[in-house]
Amino acid sequence: MHTAPTTTAVPMKTLTNPTLTNPNLTSPSLASPALTSPALPGAALTSPPSPAMRLRELVFGAACAAAVRAAARLEIADALGETPAGVDELAAAVDTEPLPLRRLLRALSCYGIFAETEDGRYVHTEMSRLLREDEPNSLRYISLWCTEPWTWEAWPRLDDAVRSGRNIFPELYGKEFFDYLHDDARDSAMVFNRAMTHSSRQSAAELADYLDLTGIGAVADIGGGQGHVLASLLEKHPQVHGTLLDLPKVVANADPRLREGGALASRTRLLPGDCRDAIPVDADLYIIKNILEWDDDSTRRTLRNVVAAARPGARVVVVENLVDDTPSMRFTTAMDLMLLLNVGGAKHSKASMVELMTEAGLCLGHIGPVNPYLHAFESTVPTG
Ligand SMILES: C[S@@+](CC[C@H](N)C(=O)[O-])C[C@H]1O[C@@H](n2cnc3c(N)ncnc32)[C@H](O)[C@@H]1O
């Protein structure tokens, strides 16, 4: 059903709640003024929902998350092409009953995920497109990861985690989160790996554009996962060599470009290890991206190990999502709470990150956004 983009204008069904309109249609040809104007005249329909209605909507947040999950699992976005499709046609393609599928699409389109035409067919919006598997910036696996079955067990225990300050995962499942994932929830582990791969590929390219590697000959990526950041940097800078340090199982599955036989292998060292124990790497630039969200003791040990291994004057760049001073507060604070529930970790504020880096002996430099949800903290190892 996936066909070439259409140029035909399609009248769109009107949504009446102004906060829920703006489905961000990708194709201007599909956008219609009707989408942003109220169905009926009257001030009540053009004003934002009242606090009471907003709270009602918020406490039904689980319904919204479940609807996105259902759409991702049913692969509706993949089945819908570039031309409007009727519900019967879509239902046949994704193997569902037409009537409940219409109800699901109606709920999703309230949030700008898919949009309904005036004649009752459905088209893509920018957000629904992101649920496609073949979309370069796909969020399909992130959507599945954030709504995996264990999350529906864990969220109702948030008050307990807030009370105790500890993760509730061991109480719920009898073991720590990653042990559960690898021993008992292989499908979830697969979703996690794909979600991390997608999001780390996307942010790796952005970080490679952001970082100035003038004068840098050797880069080390600490807790670098499969090495997407390192591969992006080595591809962009042919004179640079790199080391990928991560846990043994992770390094063994490094990006094929970095492994033996890969295009970047001759400039890459794969180093299995635990960065809390030691970081035996001499580099001009150390990158530590999205790993300092565990307990502060692990963060202190990792930063101390970098400072111990690095030459005076070496650069250390920490890249993290922040729970303050960021345009993506709702997203990062939600991740912060999820980390509390599953691993007892936390996202940092700008101040807490600066404090830990300073305590480790690093000299803080520029702090700036790599993209709307990631901040880079530049620092150097002191020379004296
Ligand atoms: C959220 S991922 C981030 C991966 C990568 N830096 C990125 O941004 O795409 C956290 C990484 O830290 C690694 N990690 C966790 N504990 C570690 C340890 N003790 N030593 C080294 N790496 C570790 C994990 O294996 C994982 O690859």
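The values are calculated or read from the model by the stated rules, or taken from the named source; none is laboratory data. Quick caveat, the model's predicted, so the values are computed rather than measured. Glycine gets a Cβ as well: all are built from the backbone with ideal geometry, and neighbour counts include every protein chain shown.
Of the residues in region 254-273, how many are loosely packed, with under 14 Cβ neighbours inside 10 Å and of a type in the set (V, I, T)?
Final tally of qualifying residues: 0.
Determine, yes or no, whether L264 is at negative phi, over 23 Å from the mean Cα position of the chain (by Cα), more than 16 Å from the ligand (Cβ to nearest atom) and touching a residue at least 24 places away in the same chain (Cβ under 8 Å).
Working: at negative phi: yes; over 23 Å from the mean Cα position of the chain (by Cα): yes; more than 16 Å from the ligand (Cβ to nearest atom): yes; touching a residue at least 24 places away in the same chain (Cβ under 8 Å): yes.
When the stated conditions are applied, L264 passes them.
Every residue, every condition in (1) within 21 Å of F331 (Cα to Cα); (2) touching a helix residue (DSSP H, G or I) at 6+ places or on another chain (Cβ under 6 Å); (3) modelled with pLDDT of 95 or more, yes or no:
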site: P84; (1), (2), (3): no, no, yes
site: V123; (1), (2), (3): no, yes, yes
site: L144; (1), (2), (3): yes, yes, yes
site: D160; (1), (2), (3): no, no, yes
site: H182; (1), (2), (3): no, yes, no
site: R186; (1), (2), (3): no, no, no
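Find the strands (runs of 3 or more DSSP E) located wholly in region 270-382 whose residues include 1 or more that are more than 18 Å from A220 (Cα to Cα) and within 16 Å of the ligand (Cβ to nearest atom), and list them. Before the answer, list the steps.
On the way: elements: 285-289, 315-320, 363-371, 374-380.
By residue number, 363-371, 374-380.
Would you confirm, using the coordinates I've provided, whether S266 is among the polar types (S, T, N, Q), more than 21 Å from M353 (Cα to Cα) and out of contact with any Ser or Thr (no Cβ under 6 Å at 6 or more places or on another chain)? Reasoning before the result, please.
Numbers: among the polar types (S, T, N, Q): yes; more than 21 Å from M353 (Cα to Cα): yes; out of contact with any Ser or Thr (no Cβ under 6 Å at 6 or more places or on another chain): yes.
For S266, the condition - among the polar types (S, T, N, Q), more than 21 Å from M353 (Cα to Cα) and out of contact with any Ser or Thr (no Cβ under 6 Å at 6 or more places or on another chain) - is met.
From the list A44, A65, pick out the single residue that is at pLDDT below 95 and not in a loop (DSSP other than H, G, I, E, B).
Working: A65 fails: at pLDDT below 95.
Exactly one of A44, A65 is at pLDDT below 95 and not in a loop (DSSP other than H, G, I, E, B), namely A44.
Does M338 qualify as being at pLDDT below 95 and aliphatic (A, V, I, L, M)?
Details: at pLDDT below 95: no; aliphatic (A, V, I, L, M): yes.
No; evaluated as a whole, the condition is false for this residue.
Among the candidates T380, T332, which residue alone is closer than 22 Å to C146 by Cβ and of a type in the set (S, T, Y)? Full working, then the answer.
Values: T380 fails: closer than 22 Å to C146 by Cβ.
The match here is T332.
So for region 133-152 (the condition being touching a Gly at 6+ places or on another chain (Cβ under 9 Å) and at negative phi), does at least one residue qualify?
Within region 133-152, the subset touching a Gly at 6+ places or on another chain (Cβ under 9 Å) is none.
Within region 133-152, none of the residues are touching a Gly at 6+ places or on another chain (Cβ under 9 Å) and at negative phi.
What are the residue pairs meeting all of these: first residue in region 212-226, first residue more than 16 Å from the ligand (Cβ to nearest atom), second residue acidic (D, E), Cβ atoms under 8 Å, and 6 or more apart or on different chains?
Short answer, once both residue conditions are applied: G215/D284; I216/D284; G217/D284; A218/D282; A218/D284.
Quick one: how many residues across region 295-351 are in contact with an Asp or Glu (Cβ under 9 Å, 6 or more places away or on another chain) and aliphatic (A, V, I, L, M)?
Adding up the residues that qualify gives 13.
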